[in-house]
Number of protein chains: 4
Amino acid sequence: MTEPVQMQSPHGEALGIVTHDNPTPRARLTVPYAEHLVGDPDSGVLHGGVITAALDNASGQAVRKHPSWDTEQMMATLDLRIDYIKPATPHAELVVEAECYKITRNVAFVRGVAFHDSADDPVATSVGTFMLGTRSTPREAGSR
Amino acid sequence: MTEPVQMQSPHGEALGIVTHDNPTPRARLTVPYAEHLVGDPDSGVLHGGVITAALDNASGQAVRKHPSWDTEQMMATLDLRIDYIKPATPHAELVVEAECYKITRNVAFVRGVAFHDSADDPVATSVGTFMLGTRSTPREAGSR
Amino acid sequence: MTEPVQMQSPHGEALGIVTHDNPTPRARLTVPYAEHLVGDPDSGVLHGGVITAALDNASGQAVRKHPSWDTEQMMATLDLRIDYIKPATPHAELVVEAECYKITRNVAFVRGVAFHDSADDPVATSVGTFMLGTRSTPREAGSR
Amino acid sequence: MTEPVQMQSPHGEALGIVTHDNPTPRARLTVPYAEHLVGDPDSGVLHGGVITAALDNASGQAVRKHPSWDTEQMMATLDLRIDYIKPATPHAELVVEAECYKITRNVAFVRGVAFHDSADDPVATSVGTFMLGTRSTPREAGSR
């Protein structure tokens, strides 16, 4: 239903994150299972940091998909909260979706979900805020 | 002041995270700068997900260092909030410290900080909660 | 569409919170505007703490409405994150809804929204986790 | 050690919050125990919303005490996370302290703690971010 597009962040590539060209307002990524993403070698469960990185990525992409977003703007993650609902299933691909549900002049509000089969049976959920700014007045706050 | 010790998580190794044997109750990690950890190739700034993964790692280690923690217990990240204060400095090593400031029968409360030179000038801060449980009654919730 | 029911918490009564008997899985409260709930006397805008208290209340009620919830269980708020999207409108009633989207043996995960006219135009949103336990083994963690 | 000063918010007055003129950079409030603040009439434990309102208040005051804060600026709570560590003790006064540990051009970062006897034995802890702006360009986001 969605077609893979190029991923540009070096760390996103190292994680193997694939961005999909989702026709809805939601951003959609997939993370194929790989040994170097494992947090617990006994169980083979993905590291929480992988899930968080993918949720952070998807959240940023959701802001860029919002109709009110000006492509000249700078954007920086201000804060992110992740709730870990259940362990990721070993050897299963992780799907991550996010939507920007509100954008003001300075702040974008985003929620995300990571899952295998259905967003209604999540591995993790997230909420985050992103600072927006002009390139001539770069933000001090932010992670990128 | 602190001596590097072996890192066991495959994803931690892929990120190049080094665990230090800190004599204080705080857990201490370092993340040497590397190209595959970059979020923005133009600026060379680390990906937010790297910082989050390191804060999550350090937070878990802080729980294991707490005197009330029973080594037979299972532990799982329940939730984590990251505040991104300023971009990481390109080419600089990231230092991450965490402390478990309260542990109850079921939950451990942890705060963390990521920085270059001083914890008083943070790149990011975190708070998180971890579920604790017995091996015979494994948690359903959690990321590991 | 929903019929007011009795509110039992003294602080909920002091705030004037009205619980509605919503036929859906979502809990629904309303907070009629009142002078003693104001945070900024110049603008007449509600205090953020009122919004948070109502979101906390609605979140707890959402857990109690979940089909997996055992009425014999104890419940305690473990943590709550509130995002404030826009100021509440002075003199307008606040509506607060919450849903428990996942429940495990020990933890319930809840999201909430506060608004005037439509949940799609929120004043604030929330996510929270609640600890569940048996009455014979009361939790140490928790706010009630 | 600290002397009570006038409290100006109507809701703060309704809660009975007392602001203290703390000589340190930390803001300090107290909330005397009162029946209308109770969440659970069986136990007499304070409602979580009271603790949150007090932490939100103290956090805002901590921003105003920061040397980099321009008194002409507008301020609005952007988001707040509360961790509830243990129930408040019935009939005991609640003490709430907060410090603004970092301020950038647009955002202030604050942490807070609520306790009875010692900040090292907390009832609840908080982290929050506050948007800063000029009066001529008021924020859209925010709770006050």
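Worth pointing out:
- Between copies, residue A:68 shows label-point distances of 2.7, 3.5, 4.3 nm, shortest first, with the point placed 7 angstrom from Cα along Cα to C-beta.
- Straight-distance crosslink candidates among lysines, where the alpha carbon sits under 19 Å from residue A:102 and sequence neighbours closer than 8 are dropped: A:65, C:86
- Taken one residue at a time, the phi angles of segment A:82-90 give Karplus couplings (6.51, -1.76, 1.60, θ = phi - 60°) of 10, 10, 9, 8, 8, x, 5, 7, x Hz. Gly and Pro are set to x.
- Here the 3J(HN,Hα) profile of segment D:97-114, calculated from phi with Karplus coefficients 6.51, -1.76 and 1.60 at θ = phi - 60°, is 10, 8, 9, 8, 8, 6, 9, 10, 5, 10, 9, 10, 10, 9, 10, x, 8, 10 Hz, Gly and Pro shown as x.
- Residue mean of other protein chain beta carbons inside 10 Å, B:53-61: 3
- Whole-Hz ³J(HN,Hα) from phi, Karplus 6.51 cos²θ - 1.76 cosθ + 1.60, for segment A:26-43, glycine and proline x: 7, 7, 9, 10, 10, 10, x, 5, 8, 4, 7, 9, 6, x, 10, x, 5, 9
- Think of it as helices only: each DSSP H run of n ≥ 4 in chain C is worth -39500 (n - 2.57), and spread over all residues that comes to -5000 deg cm²/dmol at 222 nm.
- Options D:22, D:115, D:49, ranked by Cα towards positive dipole end of segment D:4-133, top entry (Cβ charges): D:22
- Proximity of backbone amide H atoms, modeled 1.01 Å from N, is registered between residue B:104 and B:109 at under 5 Å, excluding neighbours fewer than 5 places apart on the same chain.
- Amide H within-cut-off set for residue C:93, under 5 Å, with H built and near neighbours excluded: C:33
- Electrostatic dipole magnitude of the protein assembly as shown [Cβ: Lys, Arg +1; Asp, Glu -1; Cα centre; debye, to 20]: 0 debye
- Counting only Cβ charges, +1 for Lys and Arg and -1 for Asp and Glu, the dipole size of chain D around its Cα centre is about 680 debye.
- Taking Cα atoms only, the orientation of helix C:48-65 departs from the longest principal axis of chain C by about 40 degrees.
- Global geometry of the protein assembly as shown, whether rounded, prolate or oblate, following the gyration tensor of its Cα atoms and the 1.5 cut on a/c: rounded
- Dipole magnitude for segment B:6-70: about 360 debye, using +1 per Lys or Arg Cβ and -1 per Asp or Glu Cβ, origin at the Cα centre.
- Between segment A:58-124 and segment C:107-136, the C-alpha centres lie 18 angstrom from each other.
- Only Cα pairs under 8 Å and 6+ residues apart enter the sum, and on that basis the relative contact order of chain C stands at 23 percent.
- Peptide-level mean, for C:92-99, of C-beta atoms on other protein chains within 10 Å: 0
- Close amide H pairs (under 5 Å, H built 1.01 Å from N) link residue B:78 with B:129, B:130, B:131, residues at least 5 positions away or on another chain.
Each reported figure results from applying straightforward, stated rules to the coordinates on display, with no laboratory input. What you see is a predicted model, and the numbers here were worked out from it, not measured in a lab. Neighbour counts are summed over all protein chains in view; Cβ atoms, including those assigned to glycine, are modelled from backbone coordinates with ideal geometry.
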